[in-house]
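A short write-up of the structure that comes next.
The values are calculated or read from the model by the stated rules, or taken from the named source; none is laboratory data. The structure displayed is predicted, hence computed values, not measured ones. Here the Cβ positions follow ideal geometry from the backbone for every residue, glycine too, while neighbour counts run over all protein chains shown.
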There are 2 protein chains.
Amino acid sequence: MTARRDPKDKTPGATQPSVESFLEYFPGSRKVYVSGVLHPDVRVPFREVELSATRDRRGTQTPNEPVRLYDTAGPYTDPSQKVDPEKGIPPLRLRWIEARGDTERVPGRPVSPLDNGYYDQKEMEQARANREVPSVHRQHPVRRAKSGRRVTQLHYARRGIITPEMEFAAIRENLGLAGQPQEELARDSLWFQHPGQAWGAAIPREITPEFVRQEIARGRAILPCNINHPESEPMLIGRNFRVKVNANIGNSAVASSIREEVEKMIWAVVWGADTVMDLSTGKDIHQIREWILRNCPVPVGTVPIYQAVEKVGGKPEELTWELYRDTLIEQAEQGVDYFTIHAGVRLAFLPWTVGRRCGIVSRGGSIMAKWCLAHHQENFLYKHFHEICEILSQYDVAISLGDGLRPGSIADANDRAQLAELQTLGELTKIAWDHDVQVMIEGPGHIPMHLIRENMELELRDCHEAPFYTLGPLVTDIAPGYDHIASAIGAALIAWHGCAMLCYVTPKEHLGLPNKEDVKNGVIAYRIAAHAADLAKGFPKTQMWDNALSKARFEFRWEDQFRLSVDPLLARSYHDESLPQEAAKVAHFCSMCGPQFCAMRITEEVREEAAKQGRQVAEIVVQGLAQKAKEFRESGGEIYQ
Amino acid sequence: MTARRDPKDKTPGATQPSVESFLEYFPGSRKVYVSGVLHPDVRVPFREVELSATRDRRGTQTPNEPVRLYDTAGPYTDPSQKVDPEKGIPPLRLRWIEARGDTERVPGRPVSPLDNGYYDQKEMEQARANREVPSVHRQHPVRRAKSGRRVTQLHYARRGIITPEMEFAAIRENLGLAGQPQEELARDSLWFQHPGQAWGAAIPREITPEFVRQEIARGRAILPCNINHPESEPMLIGRNFRVKVNANIGNSAVASSIREEVEKMIWAVVWGADTVMDLSTGKDIHQIREWILRNCPVPVGTVPIYQAVEKVGGKPEELTWELYRDTLIEQAEQGVDYFTIHAGVRLAFLPWTVGRRCGIVSRGGSIMAKWCLAHHQENFLYKHFHEICEILSQYDVAISLGDGLRPGSIADANDRAQLAELQTLGELTKIAWDHDVQVMIEGPGHIPMHLIRENMELELRDCHEAPFYTLGPLVTDIAPGYDHIASAIGAALIAWHGCAMLCYVTPKEHLGLPNKEDVKNGVIAYRIAAHAADLAKGFPKTQMWDNALSKARFEFRWEDQFRLSVDPLLARSYHDESLPQEAAKVAHFCSMCGPQFCAMRITEEVREEAAKQGRQVAEIVVQGLAQKAKEFRESGGEIYQ
């Protein structure tokens, strides 16, 4: 029952991944857990980076506290766990779900060959004989709400219930550091933080479980957690929480295997993806999704229309509501945490896309557009939206309202089609909320910088503050091969203005399917953008990471600087290209300037010079120099008339 | 007399670079020249990208006009030129300089061993015997203003003179497309452009030579062009012109050779650097600068204090005004186009840097700080600023007022030391202008996004709209190894707000000296940031590049999409990783979605479906669908109460 592997495959990914192999990327980091108070069985994971002591010239050592970081890696960086994709990871939330008593085990919808894109069993077996396909994953027990119940976090929040999921997520946002000092601190404190400018967001000093409940209750945040994906660790998507990053994975008809996709998923969460979307197309979609869900510690999103259209041989015009509905149930039972649903692609908006530079670039949007045109009927997702919500409320699948008409080029940004769809998404948001279904809103795409703020403001207004979730946006079209950079600029900007989650863009965007390295580059570029936005918003306990790294840098603690980097091994390898010697790791310079020219070294000497004279550095410099400066001025030192 | 090369060096850089080797990176591009009108011997180079025709399903072909791009590569991409670093490139501006009749040939200051960091001839010869050092470059004729004359572009501009340099730069900014349509065009026009939001910049629809003159005259732009660097092609740095990018090169005591640095310089301009700064330290500084200047088609900047401090054995406290002054003359005679001068690091500001997270991180700033502290005297650059200006006005060396107290960490951003220095730079700007010396202002550094706008606004206010030239800024400290990305975010933002030139940051920042690949990655990340800012400002004739690329993308003209990319070969290689076959270059899909799922392909089909019925696409879709939608609404199609 293990995944088959091509024995000739010599790529690093071909070896069974292990916790050790992931931890190698984060030297000096260890997993720590913080327990809940309301729910003592809540254990929230963090990554703590251990640091060496600061050592002055006299040899006196002052210890540096470890730096605690938000951690998306799940069991993959916990040495007490084993990685075995066949068994999957532990169902962390199962006992909480069961304890609520509002769900029940159901037999579940039978899986048919069509779910994997085959007409019948025979075709499936023949096709799989020639492909590298893992066997069917262990049977996953299916749960559903008891008749008449809604089991969403929004439902609980509205009733005043703080679930274990909410407390988990609150502790996570807060880095488990309630009560730590936060602000009005001197600039030289490790906890100093700029106040930030949050554009009207309402970020409290401390994220409490009750605050999380309130934000979910009013629809300003979602906590995507399908009852059939108990493996996922609760997290929040909302403007008043940390900015999140989604990584898209998934094979396509022309590339990639299931094993590769599961590995990409694991790497994505290890590098910092807060959610992953499985955008697989082609054969074996059901299968790959099962493998991903059973192994994924973060919420998983999908676009169910991709699978539905596979079931009708790739012909959008043959889609029916019944087939789509059945696909929703199939995926809800598997445990998908949020569905992108392109219900805002209305028939009446399509004429506005014809004159566009790039027409419709959303896959789901184009499928629905084709269906609408072929039938001259309104989008069936729009027509059946109430029914969709009714289904999703029984599993707690959140809706990500797809922007099927998002602009695919700078020229098309903020045009009539895009903004009309956005208003429709606002209408649909209210309907979802009527059903206690959690909702976020997808956004563009390709937007020049000066139109990004308008996007964010219109979304907040038209969609009643439901969380915004954007793809980039790319701020120019000219950068294929570097679109992770072109879009990280837009992503940082829109997140600062209030976007809650950023869908990454990899260097392969517009050119091909990302490989593991592309996934890493995309996730890291977006972690940088998200962190920059949190800093700019003044989100509590954000700047401490920057402060700690800069302190290590200024004190020439090279190993600590590497450890605190977003990509420790890369940072070290860049340093070592010029100065590979071990001695250089404690040297008070680097190859950029060499020993004579290092500004920080000279500054250090300036401080030391003062210290030698037996007084406090600050004291002597401030007093001594201020005195000298005063004398200078008094002696007519102003040389310019 | 050719550069010595290590015959064992097998790196690609070890082969003699040729025009062919550069052109390979830009398939389908050709060099074109546009002539001046006021000065007919002005020939402004551009890169034109030739495109294939658009072909519809019936086989009808519609040609696509070539796309003309701003071109910094100089002779290195002109097939009529040869690359020979020993001979240098043609002295393009020499006849204009001579024609003005205000300069004269002078013997020039004798070059001493100390200029290269050696105490005497013997030490130099001994040291060089063990190093790879090219021989002395051909004798460069030195010019200086005739007695009592000032020969700066600011001087001419104030007298109402439009120099050939100004006309050259005007045509360049305008892409030589005066009279082309610009705005109020339909979205589907190739020349459509969003109006932009320029934060109070005064960008005209067309950049005329007279506008260039006015901007230089009022100090809002500089045109750095030392009379001793006639090889450089005139370009503008100013808020009302295209955003420019500087690339830092230069060896340090521990790494890199002259040959490598010359090669990095050439690659930097080929990839799009508008200026380069030679920040070499260590031995042979004079020598390397000569090689760079004689081969560099863009303005070259330096930080003269680096060489001055080498001359005193790396001991800042031993610096003297006389030695610095001599170094300024040495470099002005060689042809350096702008000097970074840290004249704003005043003694009285130093106490404010002591409590900083990262103290002083500017090399020049820390050198001056150490000098000030050692002598308890005011910065000699500040005291002698009038004399400095008097010297520079005789060569037209522009001043880049260094921000020696720029923040080196997020914690230190916009602090008292930084902002006090900025005000001093404003004072000094007025003094430079009194001497007809062109000035720009250097800026940070490490700044969280929400404080970037304040930086720009204070600079405009305190420095009287002199052009701002910033290093990044980095919007977080956590990204060593990815600082080109962390800083491209800040760079795009500050450029949009009015910053005139962006000093690139490479992935090696904080870790080591950049190699050729790092230079490329830095330049390209910054070209993306600069272009994104130009788009957001609504700079004329900017979006056309995006439009042309998106049109190629939407029409599945893959080769054209690659050609129009910032890095054509990389874009193609990413595409080919998944779909290497030649047929895929004309396929109407890529590996991201595969053939069934391509949104753009489906959109194309939607358009075609309408076309089949014998009417215009827009017509049938607009009329037909509007009618259907109307019927739908009239039939009570509104399904929600």
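See the values below:
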| read-out | value |
| --- | --- |
| Subset of the range A:396-428 (residues that are under 30 Å from A:HIS229 (Cβ atoms) and within 13 Å of chain B (Cβ to nearest Cβ)) | A:GLY402, A:ASP403, A:GLY404, A:LEU405, A:ARG406, A:THR424, A:GLY426, A:GLU427, A:LEU428 |
| Residue check, A:GLU215 within 15 Å of A:ALA466 (Cβ to Cβ) and either out of contact with any strand residue (DSSP E or B) (no Cβ under 9 Å at 6 or more places or on another chain) or not in a loop (DSSP other than H, G, I, E, B) (or both) | yes |
| Restricting the range B:373-414 to residues that are among the aliphatic types (A, V, I, L, M) and more than 30 Å from B:ARG143 (Cα to Cα), the residue that is surrounded by the fewest Cβ atoms within 10 Å (Cβ to Cβ) | B:ALA374 |
| The one condition in (1) in a loop (DSSP other than H, G, I, E, B); (2) among the basic types (Lys, Arg); (3) away from chain B (no Cβ under 14 Å) that A:ARG259 fails to fulfil | (1) |
| Filter result (at the interface with another protein chain (Cβ under 7 Å from one of its Cβ atoms) and part of a helix (DSSP H, G or I)) within the range A:494-512 | A:TRP496 |
| Subset of the range B:416-451 [outside any helix (DSSP H, G or I), touching a helix residue (DSSP H, G or I) at 6+ places or on another chain (Cβ under 7 Å) and farther than 20 Å from B:HIS384 by Cβ] | B:GLY443, B:PRO444, B:HIS446, B:ILE447, B:PRO448 |
| Subset of the range A:534-560 [in a loop (DSSP other than H, G, I, E, B), in contact with a strand residue (DSSP E or B) (Cβ under 9 Å, 6 or more places away or on another chain) and more than 28 Å from A:ALA198 (Cβ to Cβ)] | A:GLU555, A:ARG557 |
| Scan of the range B:317-361 for residues that are touching a Cys at 6+ places or on another chain (Cβ under 8 Å), aliphatic (A, V, I, L, M) and at pLDDT 95 or above, ordered by number | B:VAL345 |
| Residues located in the range B:265-277, provided they are within 14 Å of chain A (Cβ to nearest Cβ) and in contact with a Lys or Arg (Cβ under 8 Å, 6 or more places away or on another chain) | B:TRP271, B:GLY272 |
| Close pairs (6 angstrom Cβ cut-off, 6 or more residues apart or separate chains): over 25 Å from B:ALA530 (Cα atoms) in the range B:560-580, part of a loop (DSSP other than H, G, I, E, B) and modelled with pLDDT under 95 anywhere | B:HIS575/A:LEU511; B:HIS575/A:GLY512; B:GLU577/A:GLY512; B:SER578/A:GLY512; B:SER578/A:LEU513; B:SER578/B:SER591; B:LEU579/B:SER591 |
| Filter result for the condition that a residue is polar (S, T, N, Q) and within 14 Å of chain A (Cβ to nearest Cβ), over B:ASN240, B:ASN251, B:ASN226, B:ASN246 | B:ASN251 |
| Only one of B:ILE266, B:ILE305, B:ILE292 that is under 15 Å from the mean Cα position of the chain (by Cα) and β-branched (Val, Ile, Thr) | B:ILE266 |
| Strands (runs of 3 or more DSSP E) lying entirely in the range A:1-106 (those with 1 or more residues that are under 19 Å from A:ALA273 (Cα atoms) and modelled with pLDDT of 90 or more) | A:29-35, A:43-49, A:67-70 |
| Qualifying residue in the range A:563-576 (condition: surrounded by fewer than 23 Cβ atoms within 10 Å (Cβ to Cβ), of a type in the set (S, T, N, Q), more than 21 Å from the chain's Cα centre (by Cα) and not in a loop (DSSP other than H, G, I, E, B)) | yes |
| Residue check for B:SER147: at pLDDT below 95 and in a loop (DSSP other than H, G, I, E, B) | no |
| Where a residue in the range A:321-349 is over 22 Å from A:ALA420 (Cβ atoms) and its partner, wherever it lies, is basic (Lys, Arg) and part of a helix (DSSP H, G or I), with Cβ under 8 Å and at least six apart | A:TRP321/A:LYS383; A:LEU323/A:LYS311; A:THR327/A:LYS311; A:GLN331/A:ARG289; A:GLN334/A:ARG289; A:VAL336/A:ARG289 |
| Unmet criterion (only one of (1) more than 7 Å from every other protein chain (Cβ to nearest Cβ); (2) more than 13 Å from the chain's Cα centre (by Cα); (3) part of a helix (DSSP H, G or I)) for A:ARG527 | (2) |
| Any helices (runs of 4 or more DSSP H) falling wholly within the range A:287-395 and containing at least 1 residues that are among the small types (Gly, Ala, Ser), facing another protein chain (nearest Cβ under 9 Å) and touching a Ser or Thr at 6+ places or on another chain (Cβ under 9 Å) | A:363-375 |
| Given (1) surrounded by fewer than 24 Cβ atoms within 10 Å (Cβ to Cβ); (2) more than 9 Å from chain A (Cβ to nearest Cβ); (3) free of Cβ contacts under 8 Å to residues at least 60 places away in the same chain, index of the condition B:LYS520 fails | (3) |
| In the range A:473-490, the residues that are more than 7 Å from chain B (Cβ to nearest Cβ) and either closer than 17 Å to B:LYS537 by Cα or in a loop (DSSP other than H, G, I, E, B) (or both) | A:PRO473, A:LEU474, A:GLY490 |
| Residue satisfying all of: in the range B:219-265; modelled with pLDDT under 95 and among the β-branched types (Val, Ile, Thr); farthest from B:GLU465 (Cα to Cα) among these | B:VAL254 |
| Flag for A:GLU454 being farther than 21 Å from A:GLY522 by Cα and in a helix (DSSP H, G or I) | yes |
| Test result for A:LEU502, aliphatic (A, V, I, L, M) and surrounded by fewer than 24 Cβ atoms within 10 Å (Cβ to Cβ) | no |
